[in-house]
Amino acid sequence: MAAVVRACGHRTPEFRNIFYYRLDRASLPLKVASHLVRRFYPGQCTLFVRADEIGPGLFIQHGFATTIGAARIGKNCWINQQVTIGHVYDRGAPTIGDDVTISAGAVVVGGISVGDGARIGANTTVVKDVPPGMIAVGMGMRLIEQTPEKTP
């Protein structure tokens, strides 16, 4: 029984939210199965995922108090807890590139683009484009270039 519970994501409700998101966009039988399984294995109740497209490999470390409302999220993205990604009235929703990391408490809003490989620092509010490979940090969203990691 323990193996079945672990396989269904008992300890990872964030995974279940993404799993159900993907099932809801599949065929009718899978949508029905998704709604039946949710009753026994609910997802994270404070994690909301609404996006037109989510690439493979999305990882939500802690889904607590996280709202995702993006036009697109690329592959292999990492999102931490208490993150808000959403639209601003007439400006649209953000487009998140591939391999993007969004740290705890960050807010990414509006019809902006976050480039491939970019990183958003903790508690940073992003309201304008972040070029690929850059780090956005601080209250005024200061951009910093990423330095290549040195290997010993």
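Details
- Some residue of region 74-95 being open to solvent by 90 Å² or more (accessible area, probe 1.4 Å), over 16 Å from Glu14 (Cβ atoms) and assigned to a strand (DSSP E or B): no
- Filter pass, Val130 being modelled with pLDDT of 95 or more and farther than 19 Å from Phe48 by Cα: yes
- So Gly57, is it open to solvent by less than 60 Å² (accessible area, probe 1.4 Å), assigned to a loop (DSSP other than H, G, I, E, B) and modelled with pLDDT under 85: no
- Residues that are under 18 Å from Gly57 (Cα atoms), assigned to a helix (DSSP H, G or I), open to solvent by less than 90 Å² (accessible area, probe 1.4 Å) and modelled with pLDDT of 65 or more within region 1-30 comprise Pro13, Glu14, Arg16, Asn17, Ile18, Tyr20, Tyr21, Leu23, Asp24, listed in sequence order.
- When the test is whether a residue is open to solvent by 10 Å² or more (accessible area, probe 1.4 Å), under 19 Å from Thr12 (Cβ atoms) and either modelled with pLDDT of 95 or more or not in a strand (DSSP E or B) (or both), Val49 does not pass it.
- Lone unmet requirement of (1) outside any loop (DSSP other than H, G, I, E, B); (2) within 25 Å of Val109 (Cβ to Cβ); (3) among the small types (Gly, Ala, Ser) for Ala33: (2)
The values are calculated or read from the model by the stated rules, or taken from the named source; none is laboratory data. Every value quoted in this text rests on a predicted model; they were computed, and no experiment measured them. Note that each Cβ is placed from the backbone with ideal geometry, even for glycine, and that neighbours are counted across all protein chains shown. Areas reflect the complete protein model, heavy atoms only, side chains present, ligands, DNA and RNA absent. Shrake-Rupley method; radii C 1.70, N 1.55, O 1.52, S 1.80 Å.
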